[in-house]
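Enquirer: Have a look at the structure that comes next, please.
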Amino acid sequence: MTPDPAADLERWRLILGAPAEAATGALGGDAAARDRALGWLYGRDPELARRGVRARAPGTGEGAGGDSAGGRSGDRTGGSGPSVLTTVDWLDEVHRLFPKETIERLERDAVERYEIHDIVTDPAVLERIEPDRSLLRAVLRTKHLMNPEVLALARRIVDAVVRELMDKLATEVRQAFHGTRSRRPSRIRNSRNFDFHGTVRANLAHYRPDERRLYIEHPRFVSRTRRHVEQWQLILLVDQSGSMLDSVIHSAVTAACLWGLPGLKTHLVAFDTAVVDLTSDVTDPAELLMKAQLGGGTDIARAVAYGAGLVDNPRRAIVAVISDFYEGGDAGRLVREVRRLAEQGTCVLGLAALDGEANPTYDRDMGRRLADAGAHVGAMTPGRLAEFVAERIGS
């Protein structure tokens, strides 16, 4: 590829900002428009003020100077820039000027880094913007600011992202539960149902040491389905305090995908300092998320006590507490409630909060105390939780 000095200078000008124009020359055309779009967003970075650089105040026409394409703020000075960009104008420019990956980054930074609320509270913006997970999180954080018209438009984002998440997880759930086997004998003799260990045990009398062979006279097979399924319960207790948004989303989608599976009764309970049973809304996770009240303190012990009251058969119940385990209530009571459940034969899962990249974050000291009380403590993606449940009810 032939080097293009003009293009190289243009890129350096975008990276270094307006002070570099003496060496690079001024920007024009789409390059200047890209510079304005980046400046509109990153010009509000507080790092500029800390460094004593006059940043463009959001909503003004000042500081049309450049920004780095990677999101680093360059030096800016005030000036007679082009007309003021509104959020809608900015989105239009961003979609015109940048590739898809850059658009997603810019929209995510606008929502999460700079908390530009009209991204999700202005009807004109909501009609324009593409749904994604960062916008879903923003909608759920700011829905209390929305009037009915805006809520109706925001629901489009929630529906679209939840549908995408459900499509992905439903495939994982089907894979986890397909082929879940009981240990009961089956009359259907095929390779998929062949019980290797059971066959070996049943035919040990036919082992011939001199030949080092085991002759099979009575092959064993197991059933993959049962007409009378023994009922299990999965009770999901989900911390909905402010730091738990991603886990709330994952749990709502997981419960919806597990709902109605043969042999499994699913409950979904949200908690902060209060406890709210959301089981009646499980089949519509988008509606459930719109009803979730994020924020407040955390009383995990109260939620575990409520979950314990839902258990019908302790030895056929899984109580999964999804939290960061920073207990704002009685930590001693929490440990006692978990120990009581474990001692009665209930499987207690302490599932660490997962962020959007599935990285666990939780109070490890409390995690150790709950593990000592009999809980299985760790991190599971929604798909791995489905696999765990499938293994339990099929064992």
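The values are calculated or read from the model by the stated rules, or taken from the named source; none is laboratory data. Remember, it's a predicted structure, so these values are computed and weren't measured experimentally. Virtual Cβ from ideal backbone geometry, glycine too; neighbours counted across all protein chains shown. These area figures cover heavy atoms from the full protein model, side chains too; ligands, DNA and RNA do not enter into them. Shrake-Rupley method; radii C 1.70, N 1.55, O 1.52, S 1.80 Å.
Enquirer: Are there GluC sites (Glu not before Pro) in region 321-390 that DSSP marks as loop and that have at most 12 other Cβ atoms within 10 Å, and which are they?
Expert: Loop-located and lightly packed - Glu357.
Enquirer: Follow-up question, since we're still on this one. Modelling each spin label as a point 7 Å along the Cα-to-Cβ direction, I'd like the Arg384/Asp92 distance in nm, to one decimal.
Expert: It works out to 4.7 nm between the two label points.
Enquirer: Just subtract the alpha-carbon distance of Ala124 and Glu104 from 0.36 nm times their residue separation and send over the number in nm, one decimal.
Expert: Extending this stretch completely gives an extra 5.4 nm.
Enquirer: How far, in nm, would the chain grow between Arg11 and Asp30 when pulled straight, counting 0.36 nm per residue and subtracting the alpha carbon separation?
Expert: Roughly 5.6 nm would be gained on extension.
Enquirer: Stretched out fully, how many nm does the piece from Ser280 to Arg336 gain, at 0.36 nm a residue minus the Cα gap?
Expert: 17.3 nm
Enquirer: With every protein chain in place, what's the accessible area of Glu93 (1.4 Å probe, Å², nearest 10)?
Expert: Roll a 1.4 Å probe over it and Glu93 shows about 50 Å².
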